[in-house]
1. Return the residues of the range 241-277 that are in a loop (DSSP other than H, G, I, E, B) and either within 26 Å of Leu20 (Cβ to Cβ) or of a type in the set (Lys, Arg) (or both); say none if nothing qualifies.
2. Scanning the range 92-116 for residues that are within 21 Å of the chain's Cα centre (by Cα) and more than 16 Å from Leu56 (Cβ to Cβ), which turns out most open to solvent (accessible area, probe 1.4 Å)?
3. Could you check the range 237-269 and list, in sequence order, the residues that are in contact (Cβ under 8 Å) with a residue 40 or more places away in the chain and closer than 21 Å to Ala372 by Cβ?
4. Kindly indicate the residue of the range 269-298 that is open to solvent by less than 10 Å² (accessible area, probe 1.4 Å), farther than 18 Å from Ser391 by Cα and within 19 Å of the chain's Cα centre (by Cα) and also modelled with the highest pLDDT among those meeting that condition.
5. Which ranges mark the helices (runs of 4 or more DSSP H) fully within the range 1-89 that have 2 or more residues being aromatic (Phe, Trp, Tyr), under 23 Å from the mean Cα position of the chain (by Cα) and on the phi < 0 side of the Ramachandran plot?
6. If I filter the range 136-164 down to residues being over 14 Å from Pro31 (Cα atoms) and at pLDDT below 90, which single residue comes out as surrounded by the most Cβ atoms within 10 Å (Cβ to Cβ)?
7. Would you confirm whether or not the range 236-256 contains a residue that is within 24 Å of Leu387 (Cβ to Cβ) and open to solvent by 20 Å² or more (accessible area, probe 1.4 Å)?
8. Is it the case that Gly46 is within 17 Å of Ala111 (Cα to Cα) and without any contact (Cβ under 8 Å) to a residue 60 or more places away in the chain?
Amino acid sequence: MRPANEQPTQRNIFLLLYALAWAGGAISYVPLLTILLPMRLTEMTGSEDVKWLAYLTFVGAIAASLANIGFGWASDVTRDRRRWIAAGLALNVSLLVLISRLSDPVSLIAAVVAWQVALNMMLAPLAALAADTVPDSQKGLLGGLLAFAPATGALAGALVTIPGLASADGRILLVAAMVTAAVLPILLVGRPVAIAPSVREDSVLPSAWGWQPRMLILMWLARLAIQIAEAALFAYLLFYFRAVDPKFGDADVARVFSVVLLVAAPLALATGRWADRQGHPIGPLAACAGVAAVGLVIMASTIDLAPAVSGYVLFGLGSTVFLALHSSQTMRVLPKRERRGRDLGFFNLTNTVPSLVVPSLTLAIVPTFGYAPLMWILAGLAVAASLLLLSLPRLT
């Protein structure tokens with residue numbers, strides 16, 4: 001018989017189906033936003049493609065932020081996550097089909113912004129579903145499984161761009177098919193073990209409800225700091241490496257990205273499972289932020305390619321594991337069980353706000369002072385994230 005104070009565990013099959021569905025989100029946006037959409041805009045607008053992509057990035061980030069909060073809140077109010085996920089999936093796929101048929105930039109941008117709203121109609125209640133169904137004793141395992149999503153998205157991008165596999169329009173349709181295949185199983189056969197509310201709410205520090213707003217704010221700020229660093233490196237890594245060595249090309253950057261993602265996923269899984277067993281959910285987050293800071297310091301300090309690549313690998317591993325585990329451990333400190341979707345939407349702002357901050361930060365520093373000062377600033381943000389997390393009271 002289970003001890004009274006022992007949390008029930010969720011079925012492994014449900015966790016795997018959930019991780020597959022979450023990877024479906026990455027399959028939806030990684031190939032489209034990083035490869036297929038820029039190529040399509042270049043075909044339509046020629047040398048104006050960067051300007052059009054900047055417009056889309058700005059408007060899309062705002063739309064995605066509001067949609068994530070709104071649909072998370074809607075799934076709270078209706079107390080029905082699955083129907084919102086299903087509706088978001090249906091609209092997501094429909095808009096991908098529409099995007100594959102458009103031929104002018106204004107219509108394309110309008111459709112992509114609508115698609116980002118639909119994507120968040122799917123992702124916001126999907127995130128809240130994990131908060132509803134996964135006990136704190138498995139939050140680390142959940143975070144480790146979520147780390148496979150970026151690698152899956154990158155793999156999908158590599159798959160659909162295999163020469164001769166599909167036309168430009170067909171590539172987007174392949175993405176739509178893969179998203180459907182990834183998300184549909186949890187809607188059809190994903191049946192979680194019920195987690196009692198009393199058990200779900202026992203994980204906060206004993207007699208420490210007064211700490212909870214501070215905990216939420218510090219965890220939000222820590223994630224924002226790492227996300228700004230991650231967004232800057234994602235957008236400008238090729239330019240940084242070319243400043244170190246002009247011969248370092250886009251294919252080389254793609255290989256480094258791939259290695260980091262492939263190594264980070266099992267590393268996050270092992271780290272998350274260790275955190276579950278040891279009862280230290282926050283310690284690994286602080287350590288990962290510290291590793292990311294070390295990598296950025298190396299990148300800021302070197303003028304040689306080998307240490308620059310090594311520094312990025314350290315940063316990439318630390319930040320990727322951090323972001324995956326942080327996503328699941330955040331669910332421990334949400335203040336209201338009945339508003340998890342809305343609250344996770346506010347945490348999602350840490351994913352979208354950096355895309356508005358990073359261009360201004362980079363333009364203010366790099367043209368005049370080069371990349372080293374930018375790396376020092378990003379390293380400072382990573383150190384700040386680690387210190388913020390270390391200041392938290394221990395969660396168990």
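The values are calculated or read from the model by the stated rules, or taken from the named source; none is laboratory data. Keep in mind the model is a prediction, meaning the values are calculated, not measured. Glycine also receives a Cβ, built like all others from the backbone with ideal geometry; neighbour counts cover every protein chain displayed. Surface areas here come from the heavy atoms of the whole protein model, side chains and all, with no ligands, DNA or RNA. Shrake-Rupley method; radii C 1.70, N 1.55, O 1.52, S 1.80 Å.
1. Lys247
2. Looking at the filtered set, the residue picked out is Val93.
3. Correct list: Leu237, Phe239, Tyr240, Phe241, Ala243, Val244, Asp245, Phe248, Val256.
4. Among those that are open to solvent by less than 10 Å² (accessible area, probe 1.4 Å), farther than 18 Å from Ser391 by Cα and within 19 Å of the chain's Cα centre (by Cα), it is Ala292.
5. The qualifying helices (runs of 4 or more DSSP H) are 12-31, 49-78.
6. Here the residue is Asp136.
7. Within the range 236-256, not a single residue is within 24 Å of Leu387 (Cβ to Cβ) and open to solvent by 20 Å² or more (accessible area, probe 1.4 Å).
8. No, not satisfied.
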